[in-house]
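Notes follow once the structure below has been shown.
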Amino acid sequence: MSSKHRPLRRGWTTGACATAAAKAAYTALLTGEFPDPVEVVLPRGERPTFVLAVSRRGSDAATAGVIKDAGDDPDVTHGALVLASVRVGAPGSGVTFRAGEGVGTVTRPGLAIPPGEPAINPVPRQMMRSAIAEVAAAANGSGDVEIEIAIPGGDALSARTLNARLGIIGGLSILGTTGIVVPYSCSSWIASIHSGIDVARALGHTHIAGATGATSEAAIRKLHDLPETALIDMGDFVGGMLKYLRRHPVPKVTIAGGVAKMAKLAQGLLDLHSKRGAVDLAWLAGAAETTGGSPALRERILASNTAAEAFEHAEAERVALGDAVARAAQHTAASVVEGRGIAIEIAIFDREARLMGHAPFAPAHAPSPARKRR
C-alpha cells in the first residue's frame, strides 16, 4: 500500500509517555536496572511499549525519558522529550507530582487540576499512580514517590497552545484520556474549548465570545472590551462549543467569525471546516433577495467565486446581507442551547475587521427566520 493511501498512524499522548518514563525510572530506583523498552497499561487496557531515550541514575533519584511520537497527527509536542525523575517520598505520602522544566503550573480556577498544581491532568496522574503501584508490588517498594515531569523546550512550545489563556504558566500540559493520539481528531482543540469555558465560568464571567480566528477575536474583544479569559478560540468547532455550553451555560455568548464561516453556520452547519461543507451561494442569493436585493444582485451572487465576493456585491447595492446571515446563524446556534437561559449574539467581520453583519443578543427560544433546511 502506498503512503498516499495507507491508514493514518496513531501516536501516544504526553500522559502515556510520562507514565512510561516514570515506570522505568522507579524500576531503576528500586532494582538498579532500567527496563527498555518499558510496557505500560493504558486506560482501555492496551499495553504499548516505549523505547527509552534517556536513562540515568543518581544517589537518590532516577530519570528516564521517552520521545513523544504523535503518529501522523500534527501535534505541537511531536518529537519532544518527556522526562520523569522519580525520588523516594516520605512514608505514607503516596505519589506526588512536580512540574519540571517545560511543564506548566495551573494558576486559575476552573480546570480539572486546582491552582498551584503541576499541569498534569487527572488521567495521566492515575496512569502514573497505577504504574508506580505495579512496580512497587513487584520490587517490594513502598510506592511513596515524588515524580517530576519535564519537557525541555516546553515553555517555548506552549506559546503555540492555549495554555497561557487558560492560566497554565511556564510550559505544556501533560494530557490524555486514553493514552492514544488519533490523527486529526482535533480532540485537544475541543478539550481546550471546554477548558476555556470552565475557566470563564470559574472566574464569574457572564459573557464569553467564541471566535473562528484571530481577526474576528480581536474585533469582538474590542467591540465588547472583554478580558482575555472570556475569549474562546473555537476555530471551526462552533458545535463543540455550543454543545458544551448547553451542559455548562453562560448567560451571554457571542459567536464571531468571517463571512464564509458565518454563512455556513447560517446554513445550519455546526462544523465550519471546509471539508465539512461549502458556502451555498444559492442560499446567499436567496437571503439577499429576501432582504430586498434585486434580481441582478441575485445573479451576481450566484456567479461569485467566494462568500466574500457575494458580500461585496450586496454591500455595493446597500443590501444588508450580513444582518440576514447573522440572524440565520443566530437561529442555528440558539437551537443547540435552547432552554438553557443563554442569549446568543452573532457578529460577522471581514478580513479588515469591519463589522459586516450583526444579530444582537436574543434568548435561545427566539423565533426562526426563514432559512433553507439542510
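The values are calculated or read from the model by the stated rules, or taken from the named source; none is laboratory data. Bear in mind that the values here come from a model prediction, so they are computed numbers and not experimental data. Cβ atoms come from the backbone with ideal geometry, glycine included; neighbour counts cover every protein chain shown. Protein only, heavy atoms only, side chains kept; ligands, DNA and RNA dropped before computing areas. Shrake-Rupley method; radii C 1.70, N 1.55, O 1.52, S 1.80 Å.
Counted as qualifying within segment 189-262 are no strands (runs of 3 or more DSSP E), as none has 3 or more residues that are open to solvent by 20 Å² or more (accessible area, probe 1.4 Å) and in contact with a helix residue (DSSP H, G or I) (Cβ under 7 Å, 6 or more places away or on another chain). Being part of a strand (DSSP E or B) and in contact with a Leu (Cβ under 7 Å, 6 or more places away or on another chain) holds for only one residue in 76, 86, 82, and it is 86. Pairs linking a residue in segment 211-226 that is free of Cβ contacts under 8 Å to residues at least 24 places away in the same chain to a residue that is among the small types (Gly, Ala, Ser) and outside any helix (DSSP H, G or I), with Cβ atoms under 6 Å and 6 or more positions apart or on different chains, are 226/209.
From the list 294, 335, pick out the single residue that is open to solvent by less than 70 Å² (accessible area, probe 1.4 Å) and either of a type in the set (A, V, I, L, M) or under 30 Å from residue 246 (Cβ atoms) (or both).
335
In the set 318, 327, 300, only one residue is exposed (fewer than 14 other Cβ atoms within 10 Å of the Cβ) and of a type in the set (Lys, Arg); that residue is 318.
Within the option set 73, 69, 60, being open to solvent by 60 Å² or more (accessible area, probe 1.4 Å), touching a residue at least 12 places away in the same chain (Cβ under 8 Å) and among the acidic types (Asp, Glu) holds for one residue only, 60. Selection of helices (runs of 4 or more DSSP H) fully inside segment 111-174 by the criterion of at least 3 residues being over 25 Å from residue 76 (Cβ atoms) returns 122-139. Put simply, of 115, 109 the only residue that is in contact with a strand residue (DSSP E or B) (Cβ under 9 Å, 6 or more places away or on another chain) and either more than 14 Å from residue 175 (Cα to Cα) or among the basic types (Lys, Arg) (or both) is 115. Here residue 181 meets the list (1) farther than 23 Å from residue 81 by Cβ; (2) in contact with a Phe, Trp or Tyr (Cβ under 9 Å, 6 or more places away or on another chain); (3) hydrophobic (A, V, I, L, M, F, W, C) almost entirely, failing just condition (1).
Is there a residue being free of Cβ contacts under 8 Å to residues at least 40 places away in the same chain and in contact with a Leu (Cβ under 9 Å, 6 or more places away or on another chain) anywhere in segment 39-54?
Restricting attention to segment 39-54, the residues satisfying the condition of being free of Cβ contacts under 8 Å to residues at least 40 places away in the same chain are 39, 45, 47, 49-54.
Checking the rest, the ones that are also in contact with a Leu (Cβ under 9 Å, 6 or more places away or on another chain) come to 53-54.
Yes, segment 39-54 has at least one match.
Considering each residue of segment 112-130 in turn, none proves to be under 18 Å from the mean Cα position of the chain (by Cα), more than 22 Å from residue 43 (Cα to Cα) and crowded, with 19+ Cβ neighbours inside 10 Å. Among the residues making up segment 94-110, those that are part of a loop (DSSP other than H, G, I, E, B), at pLDDT 95 or above and crowded, with 17+ Cβ neighbours inside 10 Å are 100, 102, 104. Contact annotation: no residue pair with Cβ atoms under 9 Å, 6 or more positions apart or on different chains, pairs a residue in segment 317-333 that is without any contact (Cβ under 8 Å) to a residue 40 or more places away in the chain and farther than 19 Å from residue 238 by Cβ with a partner that is in a helix (DSSP H, G or I) and among the hydroxyl-bearing types (Ser, Thr, Tyr). Pairs linking a residue in segment 154-178 that is under 26 Å from residue 48 (Cβ atoms) and open to solvent by 40 Å² or more (accessible area, probe 1.4 Å) to a residue that is part of a helix (DSSP H, G or I) and of a type in the set (Val, Ile, Thr), with Cβ atoms under 7 Å and 6 or more positions apart or on different chains, are 175/14; 177/123. The lone criterion from (1) within 30 Å of residue 317 (Cβ to Cβ); (2) touching a residue at least 40 places away in the same chain (Cβ under 8 Å) left unmet by residue 248 is number (1). Summed over segment 287-310, residues that are closer than 18 Å to residue 269 by Cβ and either in contact with a His (Cβ under 7 Å, 6 or more places away or on another chain) or not in a loop (DSSP other than H, G, I, E, B) (or both) total 4. Taking the conditions exactly as written (open to solvent by 50 Å² or more (accessible area, probe 1.4 Å) and not basic (Lys, Arg)), does residue 48 satisfy them or not? So residue 48 does not fit the description; no.
Entry remark, segment 3-31: residues being over 17 Å from residue 175 (Cα atoms), open to solvent by 40 Å² or more (accessible area, probe 1.4 Å) and not aliphatic (A, V, I, L, M) number 7 in total.
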